[in-house]
Amino acid sequence: MPHAAVVLVLAALVATCAEAKEESAPRPKTTQSATRTLTATQRTLMLQLLRAAPKRGKVWFAVPSGDANAASVQQMLQSVFEEAGWTSRTRTVEKKVLNPGVTILVADVWNPPYVDAAVGAIAASGLPVKAAKGYREYVEKQKGENPTWQGVTLEKDQDYVVVIGP
């Protein structure tokens, strides 16, 4: 990740922590998939990270069928990526159990720099994010061990997928 991108990611984390401290009134408990919005600071930091990528990339989303909250989070993130000049593609996941929250599944252990920019930008959103590399190999292993395995799959040209769970 270029030096400027690292600085932006750190700034995003600091800003997110500062915004959390500024909230004085107690907030009601919500689930991870509860509808939420980005603050102006989070959106700006996401845009800066995405625009700083060496090339504008693609972002792939996977959302569970019939989950309005997950779809809302996906649309919110997608709008930022598209505003930054990225292309996006979303598919609905049917009949699969997805982990709650946002999970980024990166196809290979080594990935193009734009994937790092996408991961950093989503982290700047303030959403709790989990990420894993080597997912393509994991899928092949799972299918080899259990032909009926059902998980999120990747297309040949797909470097990663942002899974928005319930």
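Each row is one residue, and each column tells you yes or no for (1) in contact with a Ser or Thr (Cβ under 8 Å, 6 or more places away or on another chain); (2) exposed (fewer than 12 other Cβ atoms within 10 Å of the Cβ); (3) modelled with pLDDT of 50 or more.
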| position | (1), (2), (3) |
| --- | --- |
| Glu19 | yes, no, no |
| Ala25 | no, yes, no |
| Lys29 | no, yes, no |
| Ala70 | yes, no, yes |
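Quick one: in segment 33-92, which of the residues that are of a type in the set (Asp, Glu) and under 21 Å from Asp116 (Cα atoms) is farthest from the chain's Cα centre (by Cα)? Filtering first and then ranking leaves Glu83.
Determine whether Lys130 is touching a Ser or Thr at 6+ places or on another chain (Cβ under 6 Å) and either surrounded by fewer than 20 Cβ atoms within 10 Å (Cβ to Cβ) or closer than 19 Å to Ala70 by Cβ (or both). The answer is yes for Lys130. Figure legend. Inter-residue proximity from segment 99-112: first residues on the phi > 0 side of the Ramachandran plot, second residues surrounded by fewer than 20 Cβ atoms within 10 Å (Cβ to Cβ) and among the aliphatic types (A, V, I, L, M), beta-carbon distance below 8 Å, spacing 6+ or different chains. Indicated pairs: Gly101/Leu127; Gly101/Val129.
Consider segment 124-166 and keep the residues that are assigned to a loop (DSSP other than H, G, I, E, B) and acidic (Asp, Glu). The one that is nearest to Asp108 (Cα to Cα) is Asp159.
Here's the yes/no breakdown for (1) of a type outside the set (D, E, K, R); (2) without any contact (Cβ under 8 Å) to a residue 40 or more places away in the chain:
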residue: Asn69; (1), (2): yes, no
residue: Glu83; (1), (2): no, yes
residue: Thr90; (1), (2): yes, yes
residue: Lys96; (1), (2): no, no
residue: Val129; (1), (2): yes, yes
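Any residue at all in segment 95-107 that is assigned to a helix (DSSP H, G or I) and crowded, with 17+ Cβ neighbours inside 10 Å? Full working, then the answer.
Of all residues in segment 95-107, those assigned to a helix (DSSP H, G or I) come to none.
Scanning segment 95-107, I find no residue that is assigned to a helix (DSSP H, G or I) and crowded, with 17+ Cβ neighbours inside 10 Å, so the answer is no.
Hey, does segment 40-51 have a residue that's at pLDDT below 95 and loosely packed, with under 15 Cβ neighbours inside 10 Å? Yes, because at least one residue in segment 40-51 is at pLDDT below 95 and loosely packed, with under 15 Cβ neighbours inside 10 Å.
Considering only residues in segment 72-87 that are in contact with a strand residue (DSSP E or B) (Cβ under 8 Å, 6 or more places away or on another chain) and surrounded by fewer than 16 Cβ atoms within 10 Å (Cβ to Cβ), the one that is farthest from Arg43 (Cα to Cα) turns out to be Thr87. On the stretch given as segment 145-160, residues that are of a type in the set (A, V, I, L, M, F, W, C) and touching a residue at least 12 places away in the same chain (Cβ under 8 Å) total 2.
The residues listed here are Thr148, Thr87, Thr103; of these, the one that is under 19 Å from Ala52 (Cβ atoms) and not aliphatic (A, V, I, L, M) is Thr87. Within segment 81-119, work out how many residues are β-branched (Val, Ile, Thr) and touching a Phe, Trp or Tyr at 6+ places or on another chain (Cβ under 9 Å). Count: 6.
For segment 95-114, the tally of residues that are out of contact with any Lys or Arg (no Cβ under 8 Å at 6 or more places or on another chain) and modelled with pLDDT of 90 or more stands at 1.
The values are calculated or read from the model by the stated rules, or taken from the named source; none is laboratory data. Quick caveat: nothing in here was measured; it's all calculated off a predicted structure. Neighbour counts run over all protein chains shown; Cβ positions are idealised from the backbone, glycine included.
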